[in-house]
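The structure under discussion appears below in the form of structure tokens.
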Amino acid sequence: MNVIDPVTLPDYIQSIIFRKSRAMAILPIIELPDPRLRLVSQPVSEIDASVRKLMDDMLETMYDAPGIGLAAIQVAVPKRVLVIDVAKEEEEPRPLCVANPEIVWSSEEKNVYQEGCLSIPEYYEDVERPEKVRVRYLDRDGKVKEIEADGLLSTCFQHEIDHLNGVLFIDHLSRLKRERVTKKFVKAARLRGDDE
Ligand SMILES: [Zn+2]
């Protein structure tokens, strides 16, 4: 639905609308039991326009979902790219665009967070992971960055980096829980008539 006729708007606003609608896309998120979620994603060789476009589309897709992290394989792109924003709703957005991340250090201390995943909708379970991690990655400008993350950001980095290795948060649960949730999603996919 359009309430304003864009032709009557000043040029600069028209160009913003045009750029926004042209530049961003909400991508479909693949879900369990899609076998692509088990792929090991490949590093990107450089941060070019296509990688930046992927990052922008992933951010748009993540905010729309809404979620706090998204790995490229969740939008069916097997590249080592992820986006994260753990800012609370009332805070300013703090988007992180990450390529080729590596955990270079993790703490002995552990932390438990209730995790969920946009590829495993409406399922939440406690997962124990290292409390802090140091991550080295390339940002949206191709610069090498190193970040020491704790709390939710640490958990989010670990969850998303797992995705790049074909690992899901349910792999950190007991076999019984994992099989139960997998069965549920396999059945739901069959009812929808999916091929998997
Ligand atoms: Zn996930």
message = I'm trying to understand the selection: among the residues of the stretch 170-196, which are under 22 Å from Glu115 (Cα atoms) and not in a helix (DSSP H, G or I)?
response = Leu173, Ser174
note = Of Leu70, Leu153, the only residue that is within 16 Å of the ligand (Cβ to nearest atom) and touching a helix residue (DSSP H, G or I) at 6+ places or on another chain (Cβ under 8 Å) is Leu70
request  = Could you tell me which of the residues Asn100, Asn111 is part of a strand (DSSP E or B) and either in contact with a Phe, Trp or Tyr (Cβ under 7 Å, 6 or more places away or on another chain) or of a type in the set (Val, Ile, Thr) (or both)?
outcome  = Asn100
task = Return the pairs, sorted by first residue and then second, in which the second residue is within 15 Å of the ligand (Cβ to nearest atom) and in a helix (DSSP H, G or I), the first residue lies in the stretch 165-188 and is farther than 28 Å from Val77 by Cβ, the beta carbons are less than 8 Å apart, and the residues are 6+ apart or on different chains.
result = Lys177/Ile170
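Given Leu27, Leu37, Leu54, which one is part of a loop (DSSP other than H, G, I, E, B) and not acidic (Asp, Glu)? Reasoning before the result, please.
Details: Leu37 fails: part of a loop (DSSP other than H, G, I, E, B); Leu54 fails: part of a loop (DSSP other than H, G, I, E, B).
Leu27 is the lone residue from the list that is part of a loop (DSSP other than H, G, I, E, B) and not acidic (Asp, Glu).
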ask   = Residue check: is Lys79 farther than 14 Å from Ile147 by Cα and crowded, with 16+ Cβ neighbours inside 10 Å?
value = yes
task = Report, ordered by the first and then the second residue, all pairs with beta carbons closer than 8 Å, sequence separation of six or more or different chains, a first member in the stretch 43-59 that is under 14 Å from Ile73 (Cα atoms), and a second member that is in a helix (DSSP H, G or I).
result = Val44/Val51; Leu54/Ala72; Asp57/Val75; Met58/Ala72; Met58/Val75
task = Would you point out the residue of the stretch 122-147, among those that are among the basic types (Lys, Arg) and part of a loop (DSSP other than H, G, I, E, B), that is surrounded by the fewest Cβ atoms within 10 Å (Cβ to Cβ)?
result = Lys143
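All of the numbers you see were taken from the coordinates with simple rules; none came from a lab. Predicted model, so just to flag it, every value in this text is computed and none were measured. Every residue, glycine as well, gets a Cβ built from its backbone with ideal geometry; the counts of neighbours run over all protein chains shown.
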